[in-house]
Amino acid sequence: MNFQASTRFVIWDYDGHVLLASANNIGENSINVAGSVALWDGLVAAIERGWDQIIIEGDSKLVIDSIL
């Protein structure tokens, strides 16, 4: 079943200060697609800024496990 979906990610430093946050509407998609797109967008944003020491957290075990 698909619903109108949005993605969100937050990147913060080791002190908990927000460095970047983003949200996007991705139209009709599943929750797994939304989680995957959010992960992708966050990784791209970090790489573009040269941030190479990354810890990934999320609420979807399926999405997190898909990159391990």
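Descriptive notes on the structure:
- Subset of the stretch 43-68 that is farther than 22 Å from PHE3 by Cα and within 9 Å of the chain's Cα centre (by Cα) - its residue that is modelled with the highest pLDDT: LEU43
- In the stretch 37-63, the residues that are surrounded by fewer than 10 Cβ atoms within 10 Å (Cβ to Cβ) and outside any loop (DSSP other than H, G, I, E, B): GLU48, LYS61
- Single residue of ALA5, ALA34 found to be under 18 Å from VAL63 (Cα atoms), part of a helix (DSSP H, G or I), touching a strand residue (DSSP E or B) at 6+ places or on another chain (Cβ under 9 Å) and in contact (Cβ under 8 Å) with a residue 12 or more places away in the chain: ALA34
The values are calculated or read from the model by the stated rules, or taken from the named source; none is laboratory data. Fair warning: this is a prediction, and the values are worked out from it, not measured in the lab. As a convention, Cβ positions derive from the backbone with ideal geometry for all residues, glycine included, and neighbour counts pool all protein chains shown.
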